[in-house]
Amino acid sequence: GLRCIEHGNLIDDTTIRKFVEKDAYLVPTLVTYQAMDEIGMQIGMTAGSHAKNSEVLDAGLSALEAAYRGGVNLVYGSDLIGEMQVRQLDEFAIRSEVQPAIEVIRAATTTAARLLGLEGRIGVVEPGAYADLIVVDGDPIQNIDVLTHPERHLSLVMKNGAVYRDRL
């Protein structure tokens with residue numbers, strides 16, 4: 001009866017089939033585990049927890065690839081907290097290791113809109129939708145990194161039709 005599950009690092013083929021059968025959504029949040037893997041020990045994570053986190057991180061990338069190939073609805077998100085929030089965009093790069101860039105972008109736009117019941121209002125550029133847009137210097141389909149380094153590539157941010165950042 002669940003519509004969406006976060007993480008899913010340890011899902012298997014049976015679970016993937018259930019996701020597809022129930023038209024459920026998966027939000028992998030792999031960047032959370034990557035961030036904890038890199039700085040966990042510095043912020044007080046025990047050696048045992050750090051080792052378990054590394055196992056779950058490794059399994060998560062394989063689970064993401066299997067979910068993608070199995071046709072699961074994948075949504076972009078993270079549950080990074082505190083100073084780790086600045087790493088949220090790294091999820092684009094992690095996912096692009098096993099998914100085409102356009103699919104990672106869809107996870108953050110049209111698929112997320114579908115999950116939230118806002119299809120046609122967010123995640124698209126069309127009449128009647130919210131005018132939430134970004135302009136980047138580069139083609140994220142060819143190089144997903146243009147979405148992970150806004151300080152270098154983000155030229156314009158528009159939310160609901162109002163410009164919040166303009167470096168054009």
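Take ILE102 and tell me if it is surrounded by fewer than 17 Cβ atoms within 10 Å (Cβ to Cβ), β-branched (Val, Ile, Thr), assigned to a loop (DSSP other than H, G, I, E, B) and at pLDDT 95 or above. Against the criterion (surrounded by fewer than 17 Cβ atoms within 10 Å (Cβ to Cβ), β-branched (Val, Ile, Thr), assigned to a loop (DSSP other than H, G, I, E, B) and at pLDDT 95 or above), ILE102 does not qualify. Give me the pairs, please: first residue somewhere in the range 110-136 and surrounded by fewer than 15 Cβ atoms within 10 Å (Cβ to Cβ), second residue anywhere and in a loop (DSSP other than H, G, I, E, B) and hydrophobic (A, V, I, L, M, F, W, C), beta-carbon distance under 6 Å, and either six or more positions apart or on two chains. The qualifying pairs are ARG121/ALA129. Among the residues of the range 115-132, which ones are touching a helix residue (DSSP H, G or I) at 6+ places or on another chain (Cβ under 8 Å), of a type outside the set (A, V, I, L, M) and in a loop (DSSP other than H, G, I, E, B)? Matches in the range 115-132: GLY120, ARG121, GLY123.
The condition (being in contact with a helix residue (DSSP H, G or I) (Cβ under 6 Å, 6 or more places away or on another chain) and outside the structural domain of ALA35 (by TED's automatic domain parsing)) is satisfied by just one residue among ASP145, ASP90, ASP137: ASP137. When ILE5, ILE43 are checked against the criterion of being β-branched (Val, Ile, Thr), under 26 Å from ILE105 (Cβ atoms) and without any contact (Cβ under 8 Å) to a residue 24 or more places away in the chain, ILE5 stands alone in meeting it.
Select from the range 133-161 the residues that are assigned to a loop (DSSP other than H, G, I, E, B) and under 28 Å from GLY71 (Cα atoms) and list them in ascending order. Correct list: ASP139, PRO140, ILE141, GLN142, ASN143, THR148. Restricting VAL98, VAL136 to residues that are among the aliphatic types (A, V, I, L, M) and in contact with a His (Cβ under 7 Å, 6 or more places away or on another chain) narrows the list to VAL136.
Regarding LEU89, is this residue in contact with a Phe, Trp or Tyr (Cβ under 7 Å, 6 or more places away or on another chain), modelled with pLDDT of 90 or more, under 27 Å from LEU118 (Cβ atoms) and not β-branched (Val, Ile, Thr)? No; evaluated as a whole, the condition is false for this residue.
The values are calculated or read from the model by the stated rules, or taken from the named source; none is laboratory data. Just so it is clear, the model here is predicted, and its values are computed rather than measured. Note: ideal-geometry Cβ built from the backbone for every residue, glycine included; neighbour counts use all protein chains shown.
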